[in-house]
Amino acid sequence: MPSGFKVDSNEKVFDAAGQQIAEFDLIISGNLGSSSVRWLIECRDRPSQGAAPGSWIQQLVGRKQQFKFDKVFAVSTTGFSAAAISAAEYGNVILRAVQTFGEIKTDFKILGFAFNFEETEFVGPINGELEDPNMQLNVDIKRPMIRRVGELQFQPFPVFVSRNRVQPPATDGGIELLYFHCDGWVEVLIGEQPVRIKDFRVPLQIKHKMKTSKALFGRVYSEGDKTIWAEASFEAESHTGKIKSRMQIYRHSDRQMSARFFNDEIPDGFYVDSIRIFGWNKVP
């Protein structure tokens, strides 16, 4: 979404007497160059009633004219009847079909993801030179947040270790004993208070693991017989909960393709180190 655009959902419209006269699924508004635009997106998911009828599109044509929308998109999970397609062409309504399928292997061509991650545990005390020599660092830190002095964001300690370790991580998937040392000054959050430590040192035990996701279902968004993008959902189990992710593949007007990956849900304390995609192929 371009910067400065606003999205409003389930917006109700009332007349001068306070009576509701309309409700819109999704309104997108903002500026494109020197012009302002206002788009309406209406969705229909009624599998028992078959293809979207022409009467629904005619209603959207009326809404476009009455409420001065620049564009109206009609999104249906059951396709569109011949009357709906004709009404959309006459009223300049853009049709989008959404097909949901459960057999990812034949339709989406991406079988899953392999999540590589590390479980980091302290096996000894934190050492280093405190900025305040009178302070005693005897706090039990289970999941510290840490950053180098001058950095903007604190990072979870396992992420900080993976980005600042000198030696490469073990590749056999086993357990690695590591004496982690960070030169210079770092800040460690103890509660809400950052504590500065120089020459931060701590012995660690790191377990290298991999979790493989399974495909759940997919959706294909199309305009007529032209696929615009496809999306699939995946899920993996970890020791602290489920990892839920999505993959989207876009087909551009120049026939080039691009992909976007989202982690929708990551369990507390779980930090993904890398992701490997397997079963890749182009969307038909």
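The values are calculated or read from the model by the stated rules, or taken from the named source; none is laboratory data. These figures come from a predicted structure and were not determined experimentally. Here the Cβ is made from the backbone with ideal geometry for all residues, glycine too, and neighbour counts use every protein chain on show. For accessibility, only protein heavy atoms count, side chains too; no ligands or nucleic acids. Shrake-Rupley method; radii C 1.70, N 1.55, O 1.52, S 1.80 Å.
Could you check, for the range 197-219, whether at least one of its residues is surrounded by fewer than 17 Cβ atoms within 10 Å (Cβ to Cβ), in contact with an Asp or Glu (Cβ under 8 Å, 6 or more places away or on another chain), of a type outside the set (S, T, N, Q) and within 24 Å of V75 (Cβ to Cβ)? Among the residues of the range 197-219, at least one is surrounded by fewer than 17 Cβ atoms within 10 Å (Cβ to Cβ), in contact with an Asp or Glu (Cβ under 8 Å, 6 or more places away or on another chain), of a type outside the set (S, T, N, Q) and within 24 Å of V75 (Cβ to Cβ), which makes the answer yes.
Of the residues F180, F234, which is more than 28 Å from the chain's Cα centre (by Cα) and open to solvent by less than 20 Å² (accessible area, probe 1.4 Å)? So that I can check it myself, show each step before the final result.
Working: F234 fails: more than 28 Å from the chain's Cα centre (by Cα).
One residue alone meets the criteria, F180.
Pairs meeting the criteria (first residue in the range 188-207 and closer than 26 Å to I175 by Cβ and without any contact (Cβ under 8 Å) to a residue 40 or more places away in the chain, second residue open to solvent by less than 10 Å² (accessible area, probe 1.4 Å) and part of a strand (DSSP E or B), beta carbons under 7 Å, at least 6 apart or on different chains) are lacking.
Of all the residues in the range 68-86, those that are more than 19 Å from S222 (Cβ to Cβ) and open to solvent by less than 40 Å² (accessible area, probe 1.4 Å) number 1.
In this structure, A82 does not satisfy being at pLDDT 90 or above and in contact with a helix residue (DSSP H, G or I) (Cβ under 6 Å, 6 or more places away or on another chain). L26 passes every criterion in (1) in contact with an Asp or Glu (Cβ under 7 Å, 6 or more places away or on another chain); (2) under 25 Å from S81 (Cα atoms) apart from (1). Restricting attention to the range 119-147, the residues being surrounded by 16 or more Cβ atoms within 10 Å (Cβ to Cβ) and either at pLDDT 80 or above or in contact with a Cys (Cβ under 9 Å, 6 or more places away or on another chain) (or both) number 7.
Here is a yes/no grid of residues against (1) modelled with pLDDT of 85 or more; (2) of a type in the set (S, T, Y); (3) in contact with a Gly (Cβ under 8 Å, 6 or more places away or on another chain):
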position	(1), (2), (3)
L60	yes, no, yes
K68	yes, no, no
T77	no, yes, no
G91	yes, no, no
E103	no, no, no
F108	no, no, yes
